[in-house]
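Presented below is the structure to which this report refers.
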Amino acid sequence: MSNIITRAAPCADIEIRGSDGRTVYGIAVPFDQPTEINDRYNGNYTETFRRGAFARTLTERGAAKVKLLAVHNSQTFPLGRLSSAVEDAAGLLIEARVSATQAGDEALELVRDGALDAFSIGFVPVPTGDRWGKGRTSVERLEVKLHEVSLVRLPPYAGALVAGVRSAEPYDPELDPDLIARRFRLAHIL
């Protein structure tokens, strides 16, 4: 699909939890954080994702249909798939189960080493889901179709977090003391 737009988000403080350590989680897209974009479709502009931008696509497709890729490479097998995706005030929180394949093992090792330390998304804008500012110098993303999430090394979104790698046990971000601490530190930086 040639009309898929990609955006990345950096991480902070990766940790390993649980016995099998095959689930990566964190904020794939921060909300309400203006970011300077230069893309082949619209040139230079400021982009801001708003809460609710992913609601319809997650309701219609479900998180499990969204694949986890390595650096947006759809020409190879995926690394895994999302096991959950939830919007909260901070952004799009995701968990992705990394498959027990050679590529999956390599990706997890790169995450543990800090070489892959960001999430990125591939999305398709919805025609009525963008609110462009005067002169098309800014856009608010109110609704997009989430195509994929990737592990990447170069992110444009400074407010996103790859919170870590953990086992398959259920995750409640509201109870995670490490993620709460990171959000607190991030709020004081911004």
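Couple of notes before you dig in:
- The stretch 43-121, relative contact order in percent, only Cα pairs under 8 angstrom and at least six apart counted: 22 percent
- Between residue 164 and 15, 25, the built amide H atoms are under 5 Å apart, and every one of these is 5 or more places off in sequence or on another chain.
- Eligible lysines near residue 145 by straight Cα distance, threshold 20 Å, same-chain separation 8 or greater: 65, 67
- Residues of the stretch 99-114 falling in the label zone of residue 77, defined by backbone nitrogen less than 16 Å from a point 7 Å along Cα to beta-carbon, are 99-108.
- In a fully extended conformation the segment linking residue 51 and residue 89 would gain 13.0 nm over its present Cα-Cα distance, using 0.36 nm per residue.
- Spin-label model, residue 64/residue 112: points 7 Å from Cα along the beta carbon direction are separated by 2.8 nm.
- Taking θ as phi - 60° and the Karplus parameters 6.51, -1.76 and 1.60, the scalar couplings of the stretch 41-58 work out to 8, 10, x, 8, 6, 9, 10, 9, 8, 10, 4, x, 4, 10, 4, 5, 4, 6 Hz in sequence order, x denoting glycine and proline.
- Prolate/oblate/rounded call for the stretch 104-153, Cα gyration tensor, a/c under 1.5 rounded: prolate
- Exposure rank, largest accessible area first [141, 40; 1.4 Å]: 40, 141
- For residue 33, nonlocal amide neighbours, meaning residues 5 or more places apart or on other chains whose placed amide H falls under 5 Å from its own, are 49.
- Across 97, 51, the residue with the most accessible area heads the list, and the full order at a 1.4 Å probe is 51, 97.
The values are calculated or read from the model by the stated rules, or taken from the named source; none is laboratory data. No experiment lies behind these values; they were computed from the predicted model shown. Note: ideal-geometry Cβ built from the backbone for every residue, glycine included; neighbour counts use all protein chains shown. For accessibility, only protein heavy atoms count, side chains too; no ligands or nucleic acids. Shrake-Rupley method; radii C 1.70, N 1.55, O 1.52, S 1.80 Å.
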